[in-house]
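Read the structure below first, then the notes.
The values are calculated or read from the model by the stated rules, or taken from the named source; none is laboratory data. These numbers were taken from a predicted model, which means no experiment stands behind them. Ideal geometry is used to build each Cβ from the backbone, glycine not excepted, and the neighbour counts take in all protein chains shown.
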Amino acid sequence: MRKIAIAVSLSVFIAFLAATALLIHPFGYPPSEMDDYIIENTQSETGANNAVSAVVFDYRGFDTLGEATILFTAVTGVVMLFRRRKRG
Amino acid sequence: MMSKIVRTMASLLVLFVLIYGLYIIMHGHITPGGGFQGGAVFASGIALLIVAFGSDYLHKSLKEHHLSIMESSGALIFIGLAFGGLATVFFYNFLVGSPIFGHIPPTGSNPGDIWTAGVIPFMNLAVGLKVLAGLSAILLVMALATTIMEVEE
């Protein structure tokens, strides 16, 4: 019973992978025009030459806030875990 | 504490590593890199110091609660800059066109100008401060914990 369930779920998973591989867009032709917009307007809108930096800190700033929160939580956890206890 | 050769080379090389990390942080809006990457390079310099000199020696001048304060202030500066653009929208780049970092480069390839990109250099600095302090704190605290274990064994 358990082996049948594993086989069914695995075959569904592989079918989804195969379908995605067949239905993916061709390389170099992304589905949206967001990248063209960013490449054309980054320098006039944000003034940054580095489009990646402009995306990370300006267009997708909220995402960077989440990354910073993750790092803050990780550092807090590690420092709390490895804190020095007083002898005695 | 490693041998004298390692210590001498580390104390020479760490200057270049730290300056390179600060360079990557400060030029994040022109060249590849930014706050996260530059902070990681800076923390690798701290790792070099820990390997060469030992964490107890380094702990005399670099305390983990100072690093925690640096990390928290970096996060606060980042969120404060995000709130600074709240007149338009959260994370709005309100410094473009202003006298501070306000130059706008021509569209297309250009040699680059450090005085551009508005709020992005400040956000790079804040995130860089946060990442370098956070990763250095992790390295220092873990190294101190391993030395304590070695002493107790």
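Tabulated results
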quantity: Tally, over the stretch B:94-141, of residues that are farther than 19 Å from residue A:70 by Cα, facing another protein chain (nearest Cβ under 7 Å) and not in a loop (DSSP other than H, G, I, E, B); calculated: 3
quantity: Qualifying residue in the stretch B:49-66 (condition: of a type outside the set (Ser, Thr, Tyr) and closer than 30 Å to residue A:48 by Cβ); calculated: no
quantity: Cβ pairs under 8 Å, 6+ apart, first in the stretch A:55-70 and closer than 11 Å to residue B:36 by Cα, second assigned to a helix (DSSP H, G or I) and of a type in the set (Lys, Arg); calculated: A:68/B:130
quantity: Among (1) closer than 21 Å to residue B:40 by Cβ; (2) modelled with pLDDT of 85 or more; (3) at the interface with chain A (Cβ under 8 Å from one of its Cβ atoms) - the single one residue B:79 does not satisfy; calculated: (1)
quantity: Residues of the stretch A:1-39 that turn out to be assigned to a loop (DSSP other than H, G, I, E, B) and surrounded by fewer than 10 Cβ atoms within 10 Å (Cβ to Cβ), as a count; calculated: 10
quantity: Which listed residue, of A:79, A:55, A:75, is in a helix (DSSP H, G or I), closer than 30 Å to residue B:28 by Cα and touching a Gly at 6+ places or on another chain (Cβ under 8 Å); calculated: A:75
quantity: Residue check, residue B:49 over 20 Å from residue A:76 (Cβ atoms), in a helix (DSSP H, G or I) and of a type in the set (A, V, I, L, M); calculated: yes
quantity: Residue match in the stretch B:66-73 (condition: surrounded by fewer than 21 Cβ atoms within 10 Å (Cβ to Cβ) and within 9 Å of chain A (Cβ to nearest Cβ)); calculated: yes
quantity: Residues of the stretch A:42-51 classified as part of a helix (DSSP H, G or I) and either touching a Cys at 6+ places or on another chain (Cβ under 9 Å) or within 7 Å of chain B (Cβ to nearest Cβ) (or both), total; calculated: 2
